[in-house]
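> Here it is, the structure, as structure tokens.
The values are calculated or read from the model by the stated rules, or taken from the named source; none is laboratory data. Quick caveat: nothing in here was measured; it's all calculated off a predicted structure. Cβ atoms come from the backbone with ideal geometry, glycine included; neighbour counts cover every protein chain shown. All accessible areas refer to the heavy atoms of the entire protein, side chains included, with ligands and DNA or RNA removed. Shrake-Rupley method; radii C 1.70, N 1.55, O 1.52, S 1.80 Å.
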Amino acid sequence: MSMIRDLRAAVRPARRRDDSPYHTESGGPACANSAVVDCGVYRDGRRVHGHPSPAEAIADVRDEGGFVWIGLHEPNEAEFAGIAQEFGLHPLAVEDAVHAHQRPKLERYDDTLFTVFKTVHYVEHAELTSTSEVVETGEVMCFTGPNFIVTVRHGGQGSLRALRHRLQEDRERLTKGPSAVLHAIADQVVDGYIAVAGAVQDDIDEVEIDVFSSGTNGKGTGTKGAAKGGDAGRMYQLKREVLEFKRAVSPLLRPMQLLSERPMRLVDSDIQKYFRDVADHLARVNEQVLSFDDLLNSILQANLAQAAVAQNEDMRKITAWAAIFAVPTMIAGIYGMNFTYMPELHWKYGYPAMMLVTVTICFGIHRGFKRNGWL
């Protein structure tokens with residue numbers, strides 16, 4: 001899996017450059033900056049026509065009102081420096097946005113809200129194995145101010161292009177300003193969590209069925225079923241992927257609670273009501289992810305118990321057969337001793353009689369073990 005991630009990291013810069021700049025419906029590039037995916041000015045709930053650069057969009061908003069929405073994909077320090085300086089973004093937040101790998105959080109710097117979301121994408125796979133990558137994460141960071149919102153995206157997933165188009169069709173929502181965009185992003189991220197949670201649930205159900213259905217063959221527990229359901233490697237892999245999913249969901253609970261409950265000057269009061277719905281959905285997903293971890297622990301414990309039962313059954317069979325073979329071994333050992341005078345040693349029917357006794361004793365022991373379930 002690490003090799004796949006290294007390869008993805010190697011090809012990601014090339015993919016980003018191929019996707020940028022973003023082309024609007026009219027066919028022109030939104031901005032000249034290679035990291036800028038789109039740049040638009042919104043006034044009275046509508047997008048102002050044209051293809052402004054970030055500097056032109058900022059100047060337009062300051063002169064005519066409205067707000068600007070600038071979207072960037074994996075910018076470096078040089079590409080982000082001008083925008084950060086223009087909006088007066090805090091250096092610590094800028095550093096987080098450029099270098100990424102941040103936990104979900106909400107921070108306030110003067111008149112700017114800095115929000116970090118972790119996007120989660122379900123990786124399709126034909127069969128779950130011990131090396132399967134189940135979830136892939138990315139990041140979306142939002143700088144929200146009185147008349148601007150700057151989104152910085154990291155990773156190949158979590159594109160905001162379709163979201164921007166949907167918002168541009170909802171004029172009433174866009175009149176609420178940058179906080180409406182922030183809510184739409186949060187809503188899309190949490191909706192992604194819900195979809196991934198459903199897919200992960202299917203994987204867990206598959207593992208659970210393998211463990212509990214293959215552990216028996218209709219006549220009791222068998223080692224064949226335990227061997228099939230006993231692939232602990234894929235269970236641990238699934239637990240690791242669920243843990244990565246949990247790291248994206250759980251830390252976001254507090255920021256969503258603040259956005260939905262605490263009055264903020266930068267968040268419209270009408271939009272704050274919508275944040276409550278997002279917070280409720282997030283809480284439900286978080287409970288589901290926590291239950292995944294508990295369920296996987298139970299499945300793993302059941303699998304280990306089945307393996308122990310199967311090993312115990314194998315040991316009982318080995319012990320039973322050893323006891324059966326001990327009888328002819330003992331008799332052969334006794335009559336293999338070099339004594340001159342031994343009972344029945346020179347008897348005409350000694351050999352067949354001893355074979356009959358041996359078979360009878362072995363049959364009796366075998367039947368006893370069979371009756372008690374050892375064989």
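> For segment 318-344, give me the residue count where each residue is outside any helix (DSSP H, G or I), aliphatic (A, V, I, L, M) and open to solvent by 70 Å² or more (accessible area, probe 1.4 Å).
Taking segment 318-344 and keeping what is outside any helix (DSSP H, G or I), we get 336-344.
Okay, now just the ones that are also aliphatic (A, V, I, L, M), so 337, 342.
Then drop every residue that is not open to solvent by 70 Å² or more (accessible area, probe 1.4 Å), which leaves 337.
Summing the residues that are outside any helix (DSSP H, G or I), aliphatic (A, V, I, L, M) and open to solvent by 70 Å² or more (accessible area, probe 1.4 Å) in segment 318-344 gives 1.
> State whether the residues of segment 103-111 include one that is outside any strand (DSSP E or B) and within 30 Å of Lys246 (Cβ to Cβ). Can you show your working first?
Keep residues of segment 103-111 that are outside any strand (DSSP E or B), which gives 103-104, 110-111.
Checking which are within 30 Å of Lys246 (Cβ to Cβ) leaves us with 103-104.
Scanning segment 103-111 turns up at least one residue that is outside any strand (DSSP E or B) and within 30 Å of Lys246 (Cβ to Cβ).
> Quick one: in segment 140-162, which of the residues that are open to solvent by less than 10 Å² (accessible area, probe 1.4 Å) and within 26 Å of the chain's Cα centre (by Cα) is modelled with the lowest pLDDT?
Gly155
> Another question, if that's okay. Going through segment 46-59 one residue at a time, which ones are under 18 Å from Pro146 (Cα atoms), touching a Cys at 6+ places or on another chain (Cβ under 6 Å) and open to solvent by 10 Å² or more (accessible area, probe 1.4 Å)?
Of everything in segment 46-59, just one residue is under 18 Å from Pro146 (Cα atoms), touching a Cys at 6+ places or on another chain (Cβ under 6 Å) and open to solvent by 10 Å² or more (accessible area, probe 1.4 Å), namely Pro54.
> Also, I was wondering about something else. Are any of the residues in segment 174-183 more than 30 Å from Met235 (Cβ to Cβ) and surrounded by fewer than 17 Cβ atoms within 10 Å (Cβ to Cβ)? Spell out the reasoning first.
Of segment 174-183, the ones more than 30 Å from Met235 (Cβ to Cβ) are 174-183.
Within this subset, residues satisfying the condition of being surrounded by fewer than 17 Cβ atoms within 10 Å (Cβ to Cβ) are 175.
Looking for residues that are more than 30 Å from Met235 (Cβ to Cβ) and surrounded by fewer than 17 Cβ atoms within 10 Å (Cβ to Cβ), one finds at least one in segment 174-183, hence yes.
> Considering only segment 250-270, how many residues are in contact (Cβ under 8 Å) with a residue 60 or more places away in the chain and not charged (D, E, K, R)?
Here the count works out to 9.
> Out of the residues in segment 156-169 that are touching a residue at least 60 places away in the same chain (Cβ under 8 Å) and part of a loop (DSSP other than H, G, I, E, B), which is nearest to Phe275 (Cα to Cα)?
The initial filter retains those residues of segment 156-169 that are touching a residue at least 60 places away in the same chain (Cβ under 8 Å), namely 156, 160-161, 164, 168.
Checking the rest, the ones that are also part of a loop (DSSP other than H, G, I, E, B) come to 156, 160.
On the way: Gly156: 26, Leu160: 18 Å.
Ranking the candidates gives Leu160 first.
> Taking the condition at pLDDT 90 or above, open to solvent by 60 Å² or more (accessible area, probe 1.4 Å) and either outside any helix (DSSP H, G or I) or not hydroxyl-bearing (Ser, Thr, Tyr) (or both), does Asp187 pass? So that I can check it myself, show each step before the final result.
On the way: at pLDDT 90 or above: yes; open to solvent by 60 Å² or more (accessible area, probe 1.4 Å): no; either outside any helix (DSSP H, G or I) or not hydroxyl-bearing (Ser, Thr, Tyr) (or both): yes.
For Asp187, the condition - at pLDDT 90 or above, open to solvent by 60 Å² or more (accessible area, probe 1.4 Å) and either outside any helix (DSSP H, G or I) or not hydroxyl-bearing (Ser, Thr, Tyr) (or both) - is not met.
> Only residues that are more than 28 Å from the chain's Cα centre (by Cα) and open to solvent by 50 Å² or more (accessible area, probe 1.4 Å): list them for segment 85-138, please.
Within segment 85-138, Gln85, Glu86, Gly88, His90, Pro91, Leu92, Arg108, Asp110, Asp111 qualify.
> Report, by residue number, each residue of segment 60-73 that is surrounded by fewer than 22 Cβ atoms within 10 Å (Cβ to Cβ) and either of a type in the set (A, V, I, L, M) or within 26 Å of the chain's Cα centre (by Cα) (or both).
Of everything in segment 60-73, just one residue is surrounded by fewer than 22 Cβ atoms within 10 Å (Cβ to Cβ) and either of a type in the set (A, V, I, L, M) or within 26 Å of the chain's Cα centre (by Cα) (or both), namely Val61.
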